[in-house]
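Notes follow once the structure below has been shown.
The values are calculated or read from the model by the stated rules, or taken from the named source; none is laboratory data. Predicted model, so just to flag it, every value in this text is computed and none were measured. Positions of Cβ are generated from backbone atoms using ideal geometry, with glycine treated the same way; all protein chains shown enter the neighbour counts. The accessibility values were calculated without ligands, DNA or RNA, using every heavy atom of the protein model including side chains. Shrake-Rupley method; radii C 1.70, N 1.55, O 1.52, S 1.80 Å.
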Amino acid sequence: EDAEVSLGNPDLEPFLAWQYDFGVEFYFGSTEEGLFSINGFYKDVDNFIVPTTTTETLAFPDQGVASQAYTVRSSRNGGAATIYGFELNLQTPFTFLPAPLDNFGGSVNYTYTDSEFTDAFGFSYSFPGASRDTANVVLYYEQGKFSTRLAYNFRNEYLIHSANDPDGANALYGEGSGRLDLSVRYRFGKNWRVSFDALNLTDEQSYKYYDTVQRYQNFEFEGKIYSVSLAYTF
């Protein structure tokens, strides 16, 4: 079994970021019930704290442990990152349709993100956790005490964490995915609500890999999830 040591790092610098946002909103409809917005963003980030893994020869004579090679896991500041992009958002109830279709509504959201992240060893990646493209599409229906919502969420591949090794190998990625969720709500009495939720109707799975898709790290099969709940609000 390989010997391992975990060490802290008291010399870590605090995470620091400058960010700039600009947005424009436009309301439309007879009562301005619809919204269209465009938002741009730019972030400049320094002093990332990233995990590191090295091999060092250590000895612990006071504990009676002779000199040997250890895998040392620690953290260090990992360079800088720039993140920029834009977001488009459109949402409105369908009040312009004849009854009963006027009780429907919807929203569409799309975000484009471009980024460059420099890790502790000087290798460049996209920003951890940031997909280039993310999108959400929602269709809903509301009538009195009844409401339902169908939502589709999508993101493409993203970096989970950069390489732990000085040679730049073994960066961990998550595969892109899209999933469909359904929720139904009905309120009755003064404070009661019954709910039905159906999650991951597309049977989307979680797949993680090192460097390339062929280098499997973890696969999670979730399947569809159904739940019914009863709630009372005081």
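One table, with the values for the structure above:
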item	result
Members of region 118-177 found to be among the hydrophobic types (A, V, I, L, M, F, W, C) and within 30 Å of Thr54 (Cα to Cα), listed by number	Ala120, Phe121, Phe123, Phe127, Ala130, Leu159, Ile160, Ala163, Ala169, Ala171, Leu172
Filter result for the condition that a residue is open to solvent by less than 80 Å² (accessible area, probe 1.4 Å), more than 30 Å from Thr71 (Cα to Cα) and of a type in the set (Gly, Ala, Ser), over Gly106, Gly122	Gly106
Members of region 128-179 that are of a type in the set (A, V, I, L, M, F, W, C), under 25 Å from Val108 (Cα atoms) and over 15 Å from the mean Cα position of the chain (by Cα)	Val137, Val138, Leu139, Phe146, Leu150, Ala151
Failed item in (1) more than 22 Å from Ser115 (Cβ to Cβ); (2) modelled with pLDDT of 90 or more, with Gly189 passing the rest	(2)
Among residues of region 7-21, those that are open to solvent by less than 100 Å² (accessible area, probe 1.4 Å) and either outside any strand (DSSP E or B) or in contact (Cβ under 8 Å) with a residue 40 or more places away in the chain (or both), counted	6
Residue match in region 145-156 (condition: surrounded by 14 or more Cβ atoms within 10 Å (Cβ to Cβ) and among the β-branched types (Val, Ile, Thr))	yes
